[in-house]
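First the structure, in the form of structure tokens, and then the observations on it.
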Amino acid sequence: MRKLRTLFVVAWVSGSCIAAFGQSYRNFQDELTEIRDRVKLKFGPFRVLPVLRLSNLGFDNNVYYRTAEKKPVGDYTGTISPEIKAYLLVGRSLILSFADNPEYLYYIKEERLRTFTNSFVPGGRLRLFNSFVLSGEYHFRKHTRRAFSEFSRLVTDTVKGTMAGFFYETPRGTSIGFSGTIDRFLFEDIVQPDYEARLSRSLNRKEKTGNFELYYRVFSESYFFTKVGSTTYEFEHPSSRWRNSRSFQMSSGIRFPFMGRARGMLSLGYKKFIPEAADRKGFSGLIADTNLDFRLGRIGLRFGLGRDNYFSYLEETFFYVENKGDAGLSLYLTKFFRINYDFQYGELKYPEPFKISGSVQPFLEIMRKDVHRTHSIGVTIAVVKKTGIQLSYNISDRTSNVPGFNITRNFVGISLTQDF
């Protein structure tokens, strides 16, 4: 039993670690070493990593994200998300991988909200002459969730596409090269099927991105990085072709290791978003994607900062700019018990006038602004090593200067966590 629990913990931590670095370039030797050291379960020539995730197991008092006037509905819910990763190592020069991640979202009473999705990613990396690395993958990722902060209900979003990269790596770990992705984004409304056509008509699109990337090792497992690239956005439905656009972006920062006293990523940059339609307003300015976690003795600190522009699902609205930040504090009372508090704040600003019904005029135009706030307090009990059971109570609200968009939602539940 003890060996089984240890295997589960190693799988949990290793899976999270390897997945985290999938969001940006990973040095070939670092990934090879990670797989050899942490993925111990073998079936023939394959190294297999099972991962189990349980989240949001509890009671949600507003599962449809309704306003108070529309009588919110509460229900017990939970998400189970097992994942299997398989690796085939061929010498010191080839890594073949495959990941499969089924996910089941369950509700006791609201059966129409129950959904099953599955994601899979086959990929490979080839190292040539001990310095050049070719990478490629096909990804199919499907989830039921609020994919963006603007959504006021659950949506099934699918991203399917390909990624390729070519990098030069030095013995010290510095990497420089190019990467590209071609993705198709698809959206389905599971709550209101009649909205599905509206969602797909407004948001279904193809994105093509190319980047130049540089990663320079500054500590044993920390990297300074710079990424410069461009993206084109092509919408599928004829009525949304006016949304076609392109952007140029650059970002720099430091990527800390996944495990240790300092974790996460500090990333700031600049983006210029240019619509093809001459009469639509664009966007230019600061972008951010920062999440930092520090452990100082018995105190844990968390900081986050995000800023970017996103396409709106509203048919007459082009996009909105989201500014968000979060902060958290953990106090470790003992080696196996801690209390946590987190606060999240976000603003959605729409750069073009938003039309609402007026009492005198047929329509009034205002500059729409939505504000999101979430308070979360809870306790975490360590089970084995870094793995713990977290019990939390969350209070969320959204306010808007447009009538009919104010929402309050509370959730109490438990989750498995591996960051004790």
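The values are calculated or read from the model by the stated rules, or taken from the named source; none is laboratory data. None of these values were measured; they are calculated from a predicted model. Backbone-built Cβ (ideal geometry, glycine too); neighbour counts: all protein chains shown.
Out of all the residues in the stretch 132-148, is one or more surrounded by fewer than 18 Cβ atoms within 10 Å (Cβ to Cβ), outside any strand (DSSP E or B) and out of contact with any strand residue (DSSP E or B) (no Cβ under 8 Å at 6 or more places or on another chain)? Steps first, please.
Taking the stretch 132-148 as the starting set, the residues that turn out to be surrounded by fewer than 18 Cβ atoms within 10 Å (Cβ to Cβ) are 132, 134, 136, 138, 140-141, 145-146, 148.
Retained after the next criterion (residues that are outside any strand (DSSP E or B)): 146, 148.
Those still in the list that are out of contact with any strand residue (DSSP E or B) (no Cβ under 8 Å at 6 or more places or on another chain) too: none.
There is no residue in the stretch 132-148 that is surrounded by fewer than 18 Cβ atoms within 10 Å (Cβ to Cβ), outside any strand (DSSP E or B) and out of contact with any strand residue (DSSP E or B) (no Cβ under 8 Å at 6 or more places or on another chain).
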Where a residue in the stretch 397-420 is touching a residue at least 24 places away in the same chain (Cβ under 8 Å) and part of a strand (DSSP E or B) and its partner, wherever it lies, is crowded, with 18+ Cβ neighbours inside 10 Å and of a type in the set (A, V, I, L, M), with Cβ under 8 Å and at least six apart:
397/407; 398/407
Can you tell me which residues in the stretch 394-413 are among the hydroxyl-bearing types (Ser, Thr, Tyr) and within 22 Å of the chain's Cα centre (by Cα)?
396
Among what's in the stretch 136-188 and is over 18 Å from the mean Cα position of the chain (by Cα), of a type in the set (D, E, K, R) and modelled with pLDDT of 95 or more, pick the residue that is nearest to residue 111 (Cα to Cα).
137
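Tell me, which strands (runs of 3 or more DSSP E) lie completely within the stretch 44-122 with 2 or more residues that are closer than 22 Å to residue 144 by Cβ, in contact with a Leu (Cβ under 6 Å, 6 or more places away or on another chain) and in contact (Cβ under 8 Å) with a residue 12 or more places away in the chain? It would help to see each step written out before you state the result.
On the way: elements: 46-60, 75-90, 94-107.
Where strands (runs of 3 or more DSSP E) fall fully within the stretch 44-122 and carry at least 2 residues being closer than 22 Å to residue 144 by Cβ, in contact with a Leu (Cβ under 6 Å, 6 or more places away or on another chain) and in contact (Cβ under 8 Å) with a residue 12 or more places away in the chain, they are 75-90.
Quickly run through the stretch 74-93 and pick out the residues that are loosely packed, with under 14 Cβ neighbours inside 10 Å and hydrophobic (A, V, I, L, M, F, W, C). So that I can check it myself, show each step before the final result.
Kept after step one, since they are loosely packed, with under 14 Cβ neighbours inside 10 Å, are these residues of the stretch 74-93: 90-92.
Correct list: 90 only.
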Taking only the stretch 296-317 into account, find how many residues are buried (at least 19 other Cβ atoms within 10 Å of the Cβ), over 22 Å from residue 200 (Cβ atoms) and either polar (S, T, N, Q) or out of contact with any Asp or Glu (no Cβ under 8 Å at 6 or more places or on another chain) (or both).
0
Does the stretch 11-29 include one or more residues that are at pLDDT below 90, farther than 30 Å from residue 216 by Cβ and buried (at least 16 other Cβ atoms within 10 Å of the Cβ)?
yes
Which numbered condition residue 97 misses (of (1) exposed (fewer than 14 other Cβ atoms within 10 Å of the Cβ); (2) touching a Gly at 6+ places or on another chain (Cβ under 6 Å))
(1)
I'd like to check something: does the stretch 375-387 contain any residue that is in a loop (DSSP other than H, G, I, E, B) and either at pLDDT below 95 or closer than 19 Å to residue 295 by Cβ (or both)?
yes
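From 202, 220, 240, which residue is outside any strand (DSSP E or B), out of contact with any Lys or Arg (no Cβ under 9 Å at 6 or more places or on another chain) and either at pLDDT 95 or above or small (Gly, Ala, Ser) (or both)? Lay out the reasoning, then the answer.
Working: 202 fails: out of contact with any Lys or Arg (no Cβ under 9 Å at 6 or more places or on another chain); 240 fails: out of contact with any Lys or Arg (no Cβ under 9 Å at 6 or more places or on another chain).
220 is the lone residue from the list that is outside any strand (DSSP E or B), out of contact with any Lys or Arg (no Cβ under 9 Å at 6 or more places or on another chain) and either at pLDDT 95 or above or small (Gly, Ala, Ser) (or both).
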Considering the stretch 37-58 alone, what residues qualify as being modelled with pLDDT of 90 or more and surrounded by fewer than 14 Cβ atoms within 10 Å (Cβ to Cβ)?
37, 41, 42, 43, 44, 45
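Every residue, every condition in (1) among the hydroxyl-bearing types (Ser, Thr, Tyr); (2) surrounded by fewer than 17 Cβ atoms within 10 Å (Cβ to Cβ), yes or no:
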residue	(1), (2)
261	no, yes
271	no, no
277	no, yes
281	no, yes
319	no, no
341	yes, yes
348	no, no
Taking the criterion of being closer than 30 Å to residue 278 by Cβ and surrounded by 15 or more Cβ atoms within 10 Å (Cβ to Cβ), would at least one residue in the stretch 218-228 satisfy it?
yes
